[in-house]
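Student: Submitted below is the structure of interest, expressed as structure tokens.
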Amino acid sequence: MQGFYSVNHYFCGGNTKKFIMDRNSIIGLVLIGLILIGYSIFTKPARDRQAEERRRLDSIARIEQLKPETTTLQQEAFVPELRDTIVEQESQLDQRVRELGDFAGSSVGEEEKIVMENDLMEISFSTQGGRPYRVNLKNYQTHDSLPLILFDGDSTIFSLQFFADNRRINTGELFFEPIEESYTDSRGNVQQLTMRLNITETAHIDYIYRLIEGQYMIDFDIRFIGMNTYRTDQIQFNWEFYAPSTERGFQNESNYTTLYYRYHDGDVESFSSRTKKEIQEETVTTRLKWIAFSHQFFSSIIIAGDYFEGAYMVQERFADPGKYIRRFSASVDLPFNNSPEETLSMNLYLGPNHHKTLKSYEDLKLENVVTVGGSMIRWLNEWVIIPIFNWLSNWIANFGIIILLLTIILKVALFPLTYRSYKSQAVMRVLKPQVDEINEKYPKKEDAMKKQQAVMDLYKRAGANPMGGCLPMLLQLPILYAMFRFFPTSIELRQESFLWAKDLSTYDSILDLPFTIPMYGDHVSLFTLLMTVTTILSMRISNQVSAGTNQMPGMKTMMYIMPVMFMLILNNFSAALTYYYFLANLITLGQNAIFKRFTDEEKILEKINAKKDKPKKKSGFQRRLEELQKQQQQQARKQAVQRRKR
């Protein structure tokens, strides 16, 4: 008020000296304010250092609480050693605080294991890294009757990696505090384990696992509280483990073990499982929905609640039989928004590659980790073979009988094609003497074209189709290949025995060899031998029809070479596959015997001769063509007559 009064007094003709003194006071106050602001700016680094020091001391205090207590007698007895230990510990503490900042308090601790289980699985979690340490599937065993472990041990990496205040943080190196609870919701009994990484009183990271009774799917949430104060703009989730070998046939197991991933609302892709490359890697910069480390019969899958920003994935292949079959690794970019409170929802599927179970998780396309072929073959397996197989499994417990009935059902469905093929072969058989006559009429190589034309004219007049026996058989090839993809990856057959085969999902062995034959292996599979013998018989009977006709050179040799090649290749494959091929050959031989018994070849020959004697009915096109030719001939005659008149 005084300043206001002075200014007013000045303009009203008051005392000028008094106004000047008030102006000096104002200038002084402004200078004092500027000095205070400058002092505040000048001392800010010191205050930051003090705050950092307080945080360091808080971290040290938390670490000190974890130190074992030292008694007075121990201090008196080991004063030199104790002094050196304390100095070394303090140096290590200072180093941790410099490297980890507020996270240093969680860098020291003792590892504990917390076990969660339901009726299907048992999971052991480690407080170091807060990670799943060991996964045991209760309803399954390895081929040598040991517990089936998906992954196990300290080699497993399951951690977050990010920068906090320019410090590199890896949560796999830090210790979490476990918080257990259980409750019931619409899904049933739920066990919840929260692994908490304490940072400060107002900041922490939670791994929240929820295990539901009767499910292999686990809820997995990552909750961030107060992380926005650490200038963290990107967080990576790293998952890596060694997949143990669990099956009897290492080669077959390796052929069906690989890494899959699915684009967000897109297709499923995979690494090659049969490549010779030791290490495969892939960087995906677009959004992903899930990544699967897939064994021949089991998978570990990380599924995004919404999406992953991208990923770098690695698969290492072990060529020689041993404890492990693959090393899988994935570094996933999480969609982190750096909010004061933020939760990223995910799921973990840790279980069998059971097609029906995986398909029940709608819209995720998890069933693609079951290798049942691509495009048309996958369609055939998913909509024909697997439904029939599952339907039979509901009524019959013996999978050898199920495969037999499945083979009969498919053969009955293909009966029209098989009968048409045999009928065409019968027509070719009765024409064989006439074909032989043509071959004798044109014995020279120079007459090969005339001989071919004569044979084709014979087939045409008789209404025979030389490809009629092949095309129906070619149409059956997709089913044979569908079985080739279905049986080796069908977990229903795993460790199911039948006759001498102890496990239909892998090879059957009646003799173990003391040496290894290239391509063939170190054992003798009886189902493979039976398949080979019946294949040769079936091919021999089919080729009897074409004996004496225009066969390609070497066809008889190929008739024996091809079954032997398949024997070498399939000796290490699933016994269910070779058993199916053996049954299919047997049924085909039986069908041919029945067809032959009820097929009168003399009547077929009479029909062919009667057909040849009948005037051939011309099509409308042929009639028009002949009329056009007659008109052209008449026109040509008229032109010739006119030229002669000239």
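Student: Within region 212-258, which residues are among the hydrophobic types (A, V, I, L, M, F, W, C) and within 30 Å of Asn338 (Cβ to Cβ)?
Tutor: Across region 212-258, the qualifying residues are Met217, Ile218, Phe220, Ile222, Phe224, Ile225, Met227, Ile235, Phe237, Trp239, Phe241.
Student: Here is a further query. Considering each of Ser331, Ser294, Ser300, Ser339 in turn, give the residue that is crowded, with 21+ Cβ neighbours inside 10 Å and within 30 Å of Asp233 (Cβ to Cβ).
Tutor: Being crowded, with 21+ Cβ neighbours inside 10 Å and within 30 Å of Asp233 (Cβ to Cβ) holds for just one of Ser331, Ser294, Ser300, Ser339, which is Ser300.
Student: Determine, yes or no, whether Thr194 is farther than 19 Å from Met121 by Cα and touching a residue at least 12 places away in the same chain (Cβ under 8 Å).
Tutor: When the stated conditions are applied, Thr194 does not pass them.
Student: Take region 143-158 and flag every residue that is closer than 21 Å to Ile301 by Cβ and among the hydrophobic types (A, V, I, L, M, F, W, C).
Tutor: Within region 143-158, Leu148, Ile149, Leu150, Phe151, Ile157, Phe158 qualify.
Student: Being assigned to a strand (DSSP E or B), not assigned by TED's automatic domain parsing to the domain that holds Leu504 and not charged (D, E, K, R) is true for just one of Leu348, Leu358. Which residue is that?
Tutor: One residue alone meets the criteria, Leu348.
Student: Within the group Ile179, Ile123, Ile169, which residue is closer than 20 Å to Phe328 by Cβ and β-branched (Val, Ile, Thr)?
Tutor: Ile123
Student: Of everything in region 130-155, what is within 16 Å of Ala330 (Cα to Cα) and either of a type in the set (Lys, Arg) or at pLDDT below 90 (or both)? Give them in sequence order.
Tutor: Arg131, Ser155
Student: When you scan region 243-263, do you find a residue that is surrounded by fewer than 17 Cβ atoms within 10 Å (Cβ to Cβ), assigned to a strand (DSSP E or B), on the phi < 0 side of the Ramachandran plot and not hydrophobic (A, V, I, L, M, F, W, C), even just one?
Tutor: Among the residues of region 243-263, at least one is surrounded by fewer than 17 Cβ atoms within 10 Å (Cβ to Cβ), assigned to a strand (DSSP E or B), on the phi < 0 side of the Ramachandran plot and not hydrophobic (A, V, I, L, M, F, W, C), which makes the answer yes.
Student: Additional query: Take Ile222 and decide whether it is part of a strand (DSSP E or B), without any contact (Cβ under 8 Å) to a residue 60 or more places away in the chain and within 25 Å of Ser124 (Cβ to Cβ).
Tutor: Taking the combined requirement at face value, the residue does not satisfy it.
Student: Could you give me the residue pairs with C-beta distances under 6 Å whose first residue belongs to region 503-528 and is acidic (Asp, Glu), whose second residue is assigned to a strand (DSSP E or B) wherever it lies, and which are 6+ apart or on separate chains?
Tutor: Taking only residues 6 or more apart or on different chains, the pairs are Asp508/Ala501; Asp512/His523; Asp522/Leu513; Asp522/Thr516.
Here is a yes/no grid of residues against (1) at pLDDT 70 or above; (2) over 28 Å from Tyr507 (Cβ atoms):
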{"position": "Val524", "(1), (2)": "yes, no"}
{"position": "Thr528", "(1), (2)": "yes, no"}
{"position": "Leu537", "(1), (2)": "yes, no"}
{"position": "Leu568", "(1), (2)": "yes, no"}
{"position": "Asn572", "(1), (2)": "yes, no"}
{"position": "Phe582", "(1), (2)": "yes, no"}
{"position": "Gln591", "(1), (2)": "yes, yes"}
{"position": "Lys612", "(1), (2)": "no, yes"}
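Student: On the given criteria, is Asn347 among the polar types (S, T, N, Q), surrounded by 20 or more Cβ atoms within 10 Å (Cβ to Cβ) and within 23 Å of Leu150 (Cα to Cα)?
Tutor: So Asn347 fails the test.
Student: Just to be sure I understand the filter: pairs with C-beta atoms under 8 Å, separated by 6 or more residues or on different chains, first member in region 227-247 and closer than 15 Å to Leu197 by Cβ, second member buried (at least 17 other Cβ atoms within 10 Å of the Cβ) and at pLDDT below 90. Which pairs pass?
Tutor: The qualifying pairs are Met227/Ala164; Tyr230/Asp102; Tyr230/Ala164; Thr232/Ala164.
The values are calculated or read from the model by the stated rules, or taken from the named source; none is laboratory data. Everything quoted here is computed from the prediction, not taken from an experiment. Reconstructed Cβ throughout: ideal geometry from the backbone, glycine too, with neighbour counts over all protein chains shown.
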